[in-house]
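For reference, the structure discussed in these notes is given below.
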């Protein structure tokens with residue numbers, strides 16, 4: 001049995017940030033990873049995937065991805081290579097292919113961490129496994145005809161790996177829109193079942209949206225500052241980092257050949273029953289985009305910034321004729337030649353291995369900016385852990401630093 005001061009669960013960006021800061025403080029620790037470094041990026045992203053955040057914002061303590069093209073967007077493989085180099089250059093104590101099966105509080109303090117390879121005793125445990133490790137499937141997915149291939153955003157790789165035929169993508173968040181765009185580029189017939197998701201411009205008035213948000217303090221908004229706390233659970237807005245980064249919209253997907261369909265209400269084998277709400281979803285996304293632009297305009301005016309005037313965005317074309325698809329309430333997969341369904345309806349975390357009552361109603365950990373009610377148990381790398389930026393690489397360093405300060409102080 002190993003004994004260390006701290007066990008870090010997960011070797012993604014959050015786990016590596018915590019590990020690097022613990023190493024700087026000389027705190028003995030182990031990082032336990034179920035797969036390889038950056039496993040979720042390796043095994044749950046499709047081949048053409050690119051980060052939606054520009055390189056300048058993708059940082060870990062003492063290193064960043066901004067060298068060369070700070071305003072560019074890295075691929076899945078680029079990010080994995082960056083994480084691997086980071087581990088090597090900082091000599092971090094990573095133990096790969098070691099899945100944590102239990103975390104149990106000891107009577108006299110500290111924790112016993114169970115793995116298939118043995119147990120590790122630690123004073124602290126920092127959970128960096130994320131809240132999006134397992135793709136969600138709606139209950140109605142079980143009613144899909146068995147002859148139809150069923151995948152998720154985590155198992156889709158490329159169009160060539162799919163059986164011949166049309167594809168239905170369910171969900172129009174970031175993953176759904178980007179996968180639909182990937183399929184269209186490969187000449188596949190795509191039907192996209194939409195939902196109410198905001199969208200943002202990739203660039204506006206001369207700068208990337210994230211650059212504006214950074215300067216405006218938008219990324220530093222805390223949960224307690226939100227007018228509606230439920231906003232923290234909203235899906236990430238539609239945008240893309242592929243092809244140098246660009247806006248993505250339901251209009252652009254329809255222009256490029258996607259058939260837009262409403263929300264799925266019920267499935268009877270190959271017959272799907274839909275809510276005819278395409279126009280409602282388009283208007284919602286466009287309205288949110290207009291709000292984001294207006295906020296930037298107001299910031300520019302209030303701070304007397306010399307910014308160029310807005311330019312037309314080719315990914316915001318007029319809404320094309322939907323040929324009645326907005327009114328479709330029943331869709332027959334067999335009649336439309338559909339061979340594959342790709343579910344892009346979000347992810348969830350798995351915390352069943354924590355032997356403590358630390359989860360709330362939504363199945364997410366209860367914490368105060370990453371500090372749980374259990375002495376010595378912490379969380380890093382979760383959306384809205386402390387601020388809006390907590391779920392992206394830009395926010396990891398700040399959260400990791402605060403938790404390592406807690407560990408150092410023994411609080």
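The values are calculated or read from the model by the stated rules, or taken from the named source; none is laboratory data. Given the structure is predicted, the values throughout are model-derived calculations rather than measurements. Neighbour counts are summed over all protein chains in view; Cβ atoms, including those assigned to glycine, are modelled from backbone coordinates with ideal geometry.
Could you list, in sequence order, all residues of segment 161-195 that are farther than 20 Å from residue 280 by Cβ and assigned to a strand (DSSP E or B)? Walk me through how you get there before you give the answer.
The initial filter retains those residues of segment 161-195 that are farther than 20 Å from residue 280 by Cβ, namely 161-167, 175, 178-179, 181-190.
Residues satisfying the conditions are 166, 167, 190.
One residue is enough: does segment 96-111 have a residue meeting the conditions surrounded by 16 or more Cβ atoms within 10 Å (Cβ to Cβ), in contact (Cβ under 8 Å) with a residue 60 or more places away in the chain, assigned by TED's automatic domain parsing to the domain that holds residue 382 and in contact with a helix residue (DSSP H, G or I) (Cβ under 6 Å, 6 or more places away or on another chain)? Looking for residues that are surrounded by 16 or more Cβ atoms within 10 Å (Cβ to Cβ), in contact (Cβ under 8 Å) with a residue 60 or more places away in the chain, assigned by TED's automatic domain parsing to the domain that holds residue 382 and in contact with a helix residue (DSSP H, G or I) (Cβ under 6 Å, 6 or more places away or on another chain), one finds none in segment 96-111, hence no. Of everything listed in (1) outside the structural domain of residue 149 (by TED's automatic domain parsing); (2) outside any loop (DSSP other than H, G, I, E, B); (3) over 16 Å from residue 232 (Cα atoms), the single unmet condition for residue 390 is (3).
Determine, yes or no, whether residue 396 is crowded, with 20+ Cβ neighbours inside 10 Å, assigned by TED's automatic domain parsing to the domain that holds residue 184 and in contact (Cβ under 8 Å) with a residue 60 or more places away in the chain.
Values: crowded, with 20+ Cβ neighbours inside 10 Å: yes; assigned by TED's automatic domain parsing to the domain that holds residue 184: no; in contact (Cβ under 8 Å) with a residue 60 or more places away in the chain: yes.
So residue 396 fails the test.
Of the residues that make up segment 324-343, is at least one under 22 Å from the mean Cα position of the chain (by Cα), under 19 Å from residue 133 (Cα atoms) and in a loop (DSSP other than H, G, I, E, B)? Break it down into steps so the answer makes sense when it comes.
Keep residues of segment 324-343 that are under 22 Å from the mean Cα position of the chain (by Cα), which gives 341-343.
Filter once more, keeping what is under 19 Å from residue 133 (Cα atoms): 342-343.
Then keep just the ones that are in a loop (DSSP other than H, G, I, E, B); that gives none.
Looking through segment 324-343, none of the residues is under 22 Å from the mean Cα position of the chain (by Cα), under 19 Å from residue 133 (Cα atoms) and in a loop (DSSP other than H, G, I, E, B).
Which one of 254, 298 is in the same structural domain as residue 194 (by TED's automatic domain parsing), outside any loop (DSSP other than H, G, I, E, B) and either touching a strand residue (DSSP E or B) at 6+ places or on another chain (Cβ under 6 Å) or within 15 Å of residue 203 (Cβ to Cβ) (or both)?
On the way: 298 fails: either touching a strand residue (DSSP E or B) at 6+ places or on another chain (Cβ under 6 Å) or within 15 Å of residue 203 (Cβ to Cβ) (or both).
Within the list 254, 298, the selection yields 254.
Filtered by the rule that a residue be part of a helix (DSSP H, G or I) and more than 18 Å from the chain's Cα centre (by Cα), segment 196-212 gives 211, 212. Of all the criteria given as (1) buried (at least 16 other Cβ atoms within 10 Å of the Cβ); (2) modelled with pLDDT of 95 or more, the one not satisfied by residue 130 is (2).
If we scan segment 4-15, do we find a residue that is in a loop (DSSP other than H, G, I, E, B), outside the structural domain of residue 154 (by TED's automatic domain parsing) and within 23 Å of residue 375 (Cα to Cα)? There is at least one residue in segment 4-15 that is in a loop (DSSP other than H, G, I, E, B), outside the structural domain of residue 154 (by TED's automatic domain parsing) and within 23 Å of residue 375 (Cα to Cα).
If you go through segment 349-382 and pick out every residue that is within 15 Å of residue 236 (Cβ to Cβ) and surrounded by fewer than 18 Cβ atoms within 10 Å (Cβ to Cβ), you end up with 0.
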